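The values are calculated or read from the model by the stated rules, or taken from the named source; none is laboratory data. Bear in mind that the values here come from a model prediction, so they are computed numbers and not experimental data. A quick note on method: Cβ atoms are made from the backbone with ideal geometry, for glycine too, and the neighbour counts reach across all protein chains shown. Protein only, heavy atoms only, side chains kept; ligands, DNA and RNA dropped before computing areas. Shrake-Rupley method; radii C 1.70, N 1.55, O 1.52, S 1.80 Å.
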Amino acid sequence: MDIWAGTYEDCRTADIVVITAGAAQQPGETRLDLVEKNARIMRGIVRDIMKSGFNGILVIASNPVDVLTYVAWQESGLPRHRVIGSGTTLDTARLRYEIGKYLNVDPRNVHGYIVGEHGDTEFPLWSHTTVGVMPLLDIINDNPQYKFEDLEQIYVNVRDAAYHIIDRKKATYYGIGMALTRIVKAILSDENSSLSVSVYLNGQYGQNDVFVGVPAIINRNGVREVFELNITGSERDKLAKSVAVLKETLDSVR
């Protein structure tokens, strides 16, 4: 591994460029509050990256990540499958960890996703969450020591984790660093792994022209496939609400 302070010209031969730059989220500030100043920052960065001759994959982590992934895609001119946001990857990892802790099982055996905006309107797909091969909701219903209300509290804690971290130490970096490492590894190793990243929807779940966190297959070419799960009507409504929030925000920076 070679690490050095480079220039935009170094992007010319890069396979992946990860963008984390942006104004920091302040205590009490939502990710969406950051949008206007960070959209300007993102456009400037992507413009300079593309001037170098870069023709690889962009991975975006700057907040609000779904909106800024769209901005980066527009500015870059790259195919949409080669622009990926970190999305709800970290939120999903936190959810799996907390469910594993609650049920006293290895989090690696918990399979489920947080989807939607990486922010206040994200939500868990309880209908597609399993522990081993058992649906999580069946475990909750069949065991009186577990309660659905506890799952909802776990979700709230996961959704609001960044706010608590920012209140305590002014920034988040370790968790998102691990999530970005996971995404980059899936790309470089051509893993064809399913990750809840921010990807472009073109009709999936009835949504169009938006980057939002949903499960997708990631490999050496970027986004190989966007899963369209058979989600419940309630989950579909929540996703539509999340997309509506993102589109309203996008309209302010197009």
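Dipole magnitude for the chain: about 560 debye, using +1 per Lys or Arg Cβ and -1 per Asp or Glu Cβ, origin at the Cα centre. With the simple spin-label model, which puts each label point 7 Å out from Cα in the Cβ direction, the D160 to Y102 separation comes to 1.5 nm.
Placing dummy labels 7 Å off each Cα toward the beta-carbon, the span from A5 to K169 is 2.5 nm. Histogrammed with a bin width of 10 Å, the alpha carbon distances of the chain distribute as 7, 31, 36, 19, 5, 1, 0 percent, first bin at zero. Over all other residues within a Cβ to Cβ distance under 10 Å of N219, the charged ones net out to -1, with Lys and Arg as +1 and Asp and Glu as -1. Under the rule a/c < 1.5 gives rounded, and otherwise a/b versus b/c splits prolate from oblate, where does the range 104-254 land using the Cα gyration tensor? Note, shape of the range 104-254 comes out rounded. The modelled label-to-label distance for the pair A21/N143, using points 7 Å beyond Cα in the direction of Cβ, is 4.8 nm. Averaged over its residues, the range 2-77 has an accessible area of 48 Å² per residue, based on protein heavy atoms and a 1.4 Å probe. With all protein chains kept in place, the per residue accessible area of the range 99-232 amounts to 48 square angstrom at a probe of 1.4 angstrom. Over the chain, Cα pairs under 8 Å with separation of 6+ residues give a relative contact order of 21 percent. Share of the range 1-47's accessible area from carbon and sulfur, percent, 1.4 Å? Reported share for carbon and sulfur atoms: 51 percent. Here the Gaussian network model covers the chain, with springs between Cα atoms less than 10 Å apart; of L151, L180, L103, L103 fluctuates the most. Count Lys and Arg as plus one, Asp and Glu as minus one, and take only other residues whose Cβ is under 12 Å from that of S127; the net charge is then 0. Here the range 106-254 exposes an accessible surface that is 51 percent carbon and sulfur, computed with a 1.4 Å probe and the other protein chains kept in place. For the range 195-254, what class follows from the C-alpha gyration tensor (a ≥ b ≥ c being the square roots of its eigenvalues): rounded when a/c is under 1.5, otherwise prolate if a/b is larger than b/c, else oblate? The shape class here is oblate. Determine the distance separating the Cα centre of the range 1-46 from the Cα centre of the range 117-154; give it in Å without decimals. Rounded to whole Å, the Cα centres lie 34 Å apart.
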